[in-house]
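Trainee: Here's a structure for you.
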Amino acid sequence: MNYALSPPDKWFTTTPQPLFDSWWKTLKALRPLNNALGIDLGTSNTLIYSPIEGVVLNEASIIAINQLTQTPVSVGNTARQLLGRTSTPVAVLRPVRNGVIADLKLTQIMLQSFIRKAQQGTRIFRPRLVLGCSCGATSVEREALTEAALEAGARDVVLIDEPIAAALGIGLPITKPKGNLIIDIGGGTTEMAVISSSQVIDSQVIPIAGDSFNQAIVDYLRQTSQVHIGELTAESLKIQFGSASDSACNDTPMEILGVNVGSGLPQRLEINSGELRDAISIQLHKISVALLNFLERTHPELVSDIAERGIMVTGGGALLSGIDTFFQDLTHLPVHISPNPLNSVVLGTGKILEYEHQPSYSSA
């Protein structure tokens with residue numbers, strides 16, 4: 001009599017073998033992605049992407065810290081609400097400025113908090129991260145970004161140039177030998193890059209972007225009306241009524257509440273979008289000068305491609321009313337606004353996670 005055990009494929013008689021194989025192959029395919037995250041660490045906001053769940057976090061890149069104990073009070077959107085509303089010893093700080101890390105320790109604390117929130121406290125293993133990095137970042141700044149991510153809990157870090165990530169997130173055919181011009185207007189910087197054959201051919205980064213627009217509005221009202229407003233109020237005005245071209249201006253006045261510089265008392269003031277346009281015009285002019293100089297040094301073949309395909313504008317600044325008309329009047333080239341300008345970079349990092357050959361896109 002033969003007492004040999006049944007073959008392994010006969011042990012699981014209640015589960016059809018093809019179904020079991022399909023489930024197991026799916027689990028093995030998803031396992032690496034389940035413990036990986038794409039991160040857009042911006043001056044104003046940090047976004048995190050999970051290949052399984054999509055964009056799982058969008059928080060302000062701000063941390064409130066007790067300066068006496070050096071412990072965090074709050075991080076992200078809750079810390080943002082404390083701007084201008086705290087007293088010593090609590091300080092509300094931006095660890096990332098102009099697209100690079102300004103305070104390594106605070107960036108580590110902030111990133112760690114964001115990663116835990118994105119993982120919802122359910123992950124056991126340290127995640128693999130793909131981080132967007134400015135083309136203008138030096139090797140020291142890139143090392144600081146990698147170190148901050150590792151100290152925040154990552155097991156592995158891959159850096160990707162933000163224009164490449166943005167182009168992938170938008171869905172541009174960057175693998176082809178054709179020139180694509182990306183203008184990414186973020187919170188701290190505006191980055192211009194020409195991409196062809198999956199490489200950044202040339203790029204330029206200037207420290208003028210959304211935060212500069214906010215400060216320009218604050219300065220304009222102080223100078224013209226002797227009224228001081230806070231950063232959050234200025235940002236709200238920019239988002240709701242700001243414009244980059246005269247054709248996008250609305251003459252309907254809006255009422256705001258600020259503080260009279262002389263008396264220190266509350267003062268109501270009426271302002272229209274035309275005045276906001278005047279307020280940010282100097283900053284827009286600086287971006288326009290940089291763009292014209294950038295195009296001037298770009299190879300004619302690439303300029304020909306850009307004239308055919310147009311300029312793609314992304315980042316939070318792409319939401320400024322009339323920004324496409326502004327660039328089109330300036331360059332006489334077609335201008336397109338990204339379908340999802342706030343998420344372009346983080347969606348691109350997610351696509352990197354899904355590719356098999358990540359080193360071909362990595363700048364690390």
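The values are calculated or read from the model by the stated rules, or taken from the named source; none is laboratory data. Predicted, not measured: the structure shown is a model, and the values here were computed from it. Here the Cβ positions follow ideal geometry from the backbone for every residue, glycine too, while neighbour counts run over all protein chains shown. Accessible surface is based on the protein model in full, side chains and every heavy atom, while ligands, DNA and RNA are left aside. Shrake-Rupley method; radii C 1.70, N 1.55, O 1.52, S 1.80 Å.
Trainee: Counting DSSP beta bridges in the chain, what percent are antiparallel, to the nearest 5?
Mentor: The antiparallel proportion sits near 70 percent.
Trainee: Mind pulling the angle between the C-alpha long axis of helix 104-119 and the longest principal axis of the chain? Nearest 10 degrees, somewhere in 0 to 90.
Mentor: Value to nearest ten degrees: 60.
Trainee: Which value in deg cm²/dmol, rounded to the nearest 500, describes the helix-derived mean residue ellipticity at 222 nm for the chain, given -39,500 (n - 2.57) per DSSP H run of n ≥ 4 and division by the residue count?
Mentor: Calculated at 222 nm, the ellipticity per residue is -12000 deg cm²/dmol.
Trainee: Which listed residue (Ala193, Met312, Val100) has the Cα farthest towards the positive end of the charge dipole for the chain, taking +1 on Lys and Arg C-beta and -1 on Asp and Glu C-beta about the Cα centre?
Mentor: Val100
Trainee: While we're here: How big is the equivalent ellipsoid of region 104-223 along its three axes, where each semi-axis is √(5λ) from the Cα gyration tensor, reported in whole Å from largest to smallest?
Mentor: So the equivalent ellipsoid measures 27, 24, 13 Å along its semi-axes.
Trainee: Would you list which aspartates and glutamates come within 15 Å of Lys351, measuring only between C-alpha atoms, while excluding same-chain residues fewer than 8 positions from it?
Mentor: Asp40, Glu53, Asp161, Glu162
Trainee: So what's the angle, to the nearest 10 degrees on a 0 to 90 scale, between helix 231-241 and the longest Cα principal axis of the chain?
Mentor: 90
Trainee: Region 37-139: which trypsin sites (Lys or Arg not before Pro) are DSSP loop and have at most 13 other beta-carbon atoms within 10 angstrom?
Mentor: Within region 37-139, the qualifying trypsin sites (Lys or Arg not before Pro) (loop, at most 13 other Cβ atoms within 10 Å) are Arg85.
Trainee: Using only Cα atoms, figure out Rg for region 181-290 and give it as a multiple of 2.2 N^0.38 Å.
Mentor: Scaled against compact globular proteins, the figure is 1.25.
Trainee: Here is a further query. Springs between alpha-carbon atoms under 10 Å, Gaussian network over the chain: tell me which of Leu330, Leu265, Leu221 tops the mean-square fluctuations.
Mentor: Leu265
Trainee: Whole percent per 10 Å bin, from 0 to the bin with the longest distance: what is P(r) over all C-alpha pairs of region 184-245?
Mentor: Spelled out bin by bin, region 184-245 gives 20, 39, 23, 13, 4, 0 percent.
Trainee: State which stretch of the chain is the longest one without any exposed chymotrypsin sites (Phe, Trp or Tyr not before Pro), exposure meaning a DSSP loop state and at most 14 other Cβ atoms within 10 Å.
Mentor: Result, exposed sites excluded: 126-354.
Trainee: Next question, about the same structure. Between beta-carbons, use under 15 Å as the cut-off and find the net charge around Ala193, counting Lys and Arg +1, Asp and Glu -1.
Mentor: Net charge around Ala193: -3.
Trainee: Relative to the Cα centre, what is the charge dipole magnitude of region 102-202, using +1 at the beta carbon of each Lys and Arg, -1 at the beta carbon of each Asp and Glu, and rounding to the nearest 20 debye?
Mentor: Taking the Cα centre of region 102-202 as origin, the dipole is about 560 debye.
Trainee: Follow-up question, since we're still on this one. What percent do you get for the relative contact order of the chain when only Cα pairs under 8 Å and 6+ apart count?
Mentor: Taking the mean separation of contacting Cα pairs over the length of the chain, I get 18 percent.
Trainee: Let me ask something else about it. Return one number: the angle in degrees, 0 to 90 and rounded to the nearest 10, between the long axis of the Cα atoms of helix 210-225 and the longest principal axis of the Cα atoms of the chain.
Mentor: Roughly 20 degrees, rounded to the nearest 10.
Trainee: Could you compute Rg(Cα) / (2.2 N^0.38 Å) for region 289-361, with N its residue count?
Mentor: Dividing the Cα radius of gyration by 2.2 N^0.38 Å gives 1.31.
Trainee: Send over the per residue convex hull volume for the chain, Cα only, as a whole number of Å³.
Mentor: 186
Trainee: Here is a further query. Using a probe radius of 1.4 Å on heavy atoms only, what accessible surface per residue do you get for region 267-364? Whole Å² is fine.
Mentor: On a per-residue basis, 48 Å².
Trainee: For the chain, with the dipole built from +1 on Lys and Arg beta-carbon atoms and -1 on Asp and Glu ones, taken about the Cα centre, which of Leu145, Ala209, Cys249 lies farthest toward the positive end?
Mentor: Leu145
Trainee: Sticking with this one: Where a ≥ b ≥ c are the square roots of the eigenvalues of the C-alpha gyration tensor, would you call region 118-171 rounded, which needs a/c under 1.5, or, failing that, prolate if a/b is larger than b/c, or oblate?
Mentor: oblate
Trainee: Which longest uninterrupted range of the chain lacks any GluC sites (Glu not before Pro) assigned by DSSP to a loop state (not H, G, I, E or B) and surrounded by at most 16 other Cβ atoms within 10 Å?
Mentor: Longest stretch, sites excluded: 54-355.
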